[in-house]
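**Q** Here it is: the structure, laid out below.
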Amino acid sequence: MDRCVVLVDAGYLLGAAASLVAGEPSRSRITVDHAAVVRGLRERAEQETGQPLLRIYWFDGAPDRVPQPEHRRLRVMPRVTVRLGALTRSDGRWAQKGVDAAMHAELSELARNRACADVVLVTGDGDLLPGMMSAKEHGVAVHLWAVQAADGDYNQSEDLVAEADERRVLDRAWITRAIQAREGLCVPQTTRPEITAILSAPLPESAPGGRPAKPDRPVGQPPAAKNGHRPVPQPDDQEADEAEAAEANGRSTVPTPKDLAGLGGGRGPAGGHPGHTPPPGSATLRWSSERGLTDRAAGTDTADPGLPTLAQLTTAEQRWADREEDITTVSGDPFEVGQVFAGRWIDRLADRAMLHVLSTEYPRVPHRIDGELLRYAARFGLLAHKDDQIDEHDRYAIRAGFWREVDSHAVAADHGVPAGE
């Protein structure tokens with residue numbers, strides 16, 4: 001048929017693009033506008049082949065073949081089909097399994113069934129050579145596209161290049177329309193004040209209640225953890241030496257919520273009413289964790305506020321509609337996930353006074369609701385183990401989105417206007 005098909009090896013495309021724009025082949029070093037990538041591939045394929053597009057196949061790896069947020073966004077785009085192989089970790093590195101075999105099978109099947117006249121391959125793996133040869137034998141024209149190599153050399157199999165009917169290079173100008181180097185790995189590209197405040201706040205000069213004695217340990221050795229929390233650094237020569245050693249080793253110090261509580265500040269931009277600032281030293285940590293641990297000031301009531309969970313507020317019909325919305329419209333961005341969850345909880349409240357009860361709990365999300373929030377986020381592949389560490393930045397972003405939505409509704413209710421106006 002007079003149509004074209006694009007087969008994309010996402011590992012090659014994004015890895016080579018990261019090398020080109022960020023200097024190393026790690027996806028964590030780049031931000032990707034997947035809609036722009038798909039649009040660019042379609043426009044160029046139709047222009048190069050002179051045929052209308054049948055479909056773009058996006059081949060990628062995922063842990064246990066579970067779709068990640070980017071795969072969820074891609075698979076609901078028009079004319080895009082996502083095929084997932086396994087992503088396994090060996091010797092400290094991630095490797096795709098089954099992606100090449102899936103591309104080979106799809107390429108051979110398309111050619112055998114004469115589903116298209118032209119196939120565009122965005123890959124560099126020589127394992128696809130037999131599939132390319134088979135497609136050519138069935139009368140399909142094979143176009144091989146490369147990502148411009150960072151060092152000016154080839155980043156594709158020479159045999160694959162030699163066998164292709166047509167060869168093109170996606171140069172830096174084309175790549176950077178949709179893929180950019182990430183400026184800061186700790187903060188999302190679209191800066192959000194809540195997360196920025198958490199990650200950039202200075203550590204307190206002394207802990208509330210007085211300065212602890214100097215620890216008896218060698219210079220440069222990290223302070224011992226106590227109850228799972230890192231002690232607050234002190235402004236003495238010993239701590240200065242440790243800070244310099246940490247900087248020399250490339251480590252960054254991120255203040256914990258407990259550190260921030262010691263600053264004596266009020267509610268951040270994610271919650272509370274403008275202008276309300278508690279007196280210095282009155283701040284308390286009320287932040288739930290996966291362990292359900294909280295620290296409160298002496299005399300604070302620790303009773304559960306009795307707030308309903310989202311599951312208790314949701315009917316079977318609403319649950320089905322929520323699932324459809326998650327699949328088709330929620331992108332999986334951690335901040336957005338927190339907002340969506342909070343928005344549903346607030347919209348379904350029968351007693352609006354509960355909104356203000358929740359608002360007073362800031363920054364601690366009540367334990368039952370917090371657990372439900374994190375389980376909801378896990379559906380989008382968030383909070384997964386990344387480099388053998390649970391992604392704490394996702395947790396910050398999810399809760400920041402949750403509190404931003406709660407605060408916008410609380411402030412709007414105080415002024416008698418709908419949220420968002």
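The values are calculated or read from the model by the stated rules, or taken from the named source; none is laboratory data. All figures in this text were calculated on a predicted structure; none of them were measured in a lab. Methodologically, a virtual Cβ is constructed for each residue, glycine included, from the backbone with ideal geometry; neighbour enumeration extends over all protein chains shown.
**Q** Tell me, please, whether a residue that is of a type in the set (Gly, Ala, Ser), crowded, with 21+ Cβ neighbours inside 10 Å and part of a loop (DSSP other than H, G, I, E, B) can be found in the stretch 149-157.
**A** Checked against the condition, which is being of a type in the set (Gly, Ala, Ser), crowded, with 21+ Cβ neighbours inside 10 Å and part of a loop (DSSP other than H, G, I, E, B), the stretch 149-157 yields no hits at all.
**Q** Given (1) surrounded by fewer than 12 Cβ atoms within 10 Å (Cβ to Cβ); (2) at pLDDT below 90, identify the lone condition not met by His409.
**A** (1)
**Q** While we're looking at this one, here's another question. Test Val38 against the stated conditions and say whether it is crowded, with 16+ Cβ neighbours inside 10 Å, at pLDDT 95 or above, of a type in the set (Val, Ile, Thr) and in contact with a helix residue (DSSP H, G or I) (Cβ under 8 Å, 6 or more places away or on another chain).
**A** When the stated conditions are applied, Val38 passes them.
**Q** Having 1 or more residues that are among the aromatic types (Phe, Trp, Tyr) is the bar; report the strands (runs of 3 or more DSSP E) wholly within the stretch 1-114 that clear it.
**A** Ranges flagged: 53-62, 93-97.
**Q** Tell me, yes or no, whether the stretch 380-398 has at least one residue that is at pLDDT 90 or above and outside any loop (DSSP other than H, G, I, E, B).
**A** Initial filter on the stretch 380-398 (at pLDDT 90 or above): 398.
If we keep only those that are outside any loop (DSSP other than H, G, I, E, B) too, we end up with 398.
Yes, because at least one residue in the stretch 380-398 is at pLDDT 90 or above and outside any loop (DSSP other than H, G, I, E, B).
Residue by residue, here is whether (1) outside the structural domain of Ala45 (by TED's automatic domain parsing); (2) of a type in the set (A, V, I, L, M); (3) farther than 20 Å from Gly40 by Cα holds:
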{"site": "Glu109", "(1), (2), (3)": "no, no, yes"}
{"site": "Leu121", "(1), (2), (3)": "no, yes, no"}
{"site": "Gly126", "(1), (2), (3)": "no, no, yes"}
{"site": "Pro130", "(1), (2), (3)": "no, no, yes"}
{"site": "Met133", "(1), (2), (3)": "no, yes, yes"}
{"site": "Lys136", "(1), (2), (3)": "no, no, yes"}
{"site": "His143", "(1), (2), (3)": "no, no, no"}
{"site": "Gln148", "(1), (2), (3)": "no, no, no"}
{"site": "Asp159", "(1), (2), (3)": "no, no, yes"}
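**Q** Give all pairs with beta carbons closer than 8 Å in which a residue from the stretch 399-414 that is among the hydroxyl-bearing types (Ser, Thr, Tyr) meets a residue that is not in a helix (DSSP H, G or I); count only pairs at least 6 apart in sequence or on separate chains.
**A** Correct list of pairs: Ser408/Ala419; Ser408/Gly420.
**Q** Does Arg27 count as within 21 Å of Ser331 (Cβ to Cβ), modelled with pLDDT under 95, surrounded by 14 or more Cβ atoms within 10 Å (Cβ to Cβ) and not polar (S, T, N, Q)?
**A** On the way: within 21 Å of Ser331 (Cβ to Cβ): yes; modelled with pLDDT under 95: yes; surrounded by 14 or more Cβ atoms within 10 Å (Cβ to Cβ): yes; not polar (S, T, N, Q): yes.
Taking the combined requirement at face value, the residue satisfies it.
**Q** Can you name every residue in the stretch 170-188 that is of a type outside the set (S, T, N, Q) and either modelled with pLDDT of 90 or more or not in a loop (DSSP other than H, G, I, E, B) (or both)? I'd like the intermediate steps shown before the answer.
**A** Residues of the stretch 170-188 of a type outside the set (S, T, N, Q): 170-175, 177-179, 181-188.
Correct list: Leu170, Asp171, Arg172, Ala173, Trp174, Ile175, Arg177, Ala178, Ile179, Ala181.
**Q** Consider Arg65 against the criteria (1) basic (Lys, Arg); (2) closer than 18 Å to Asp125 by Cα; (3) without any contact (Cβ under 8 Å) to a residue 24 or more places away in the chain: it satisfies all of them except one. Which criterion is unmet?
**A** Of everything listed in (1) basic (Lys, Arg); (2) closer than 18 Å to Asp125 by Cα; (3) without any contact (Cβ under 8 Å) to a residue 24 or more places away in the chain, Arg65 misses just condition (2).
**Q** Would you point out the residue of the stretch 342-379, among those that are among the small types (Gly, Ala, Ser) and surrounded by fewer than 19 Cβ atoms within 10 Å (Cβ to Cβ), that is modelled with the highest pLDDT?
**A** That would be Gly343.
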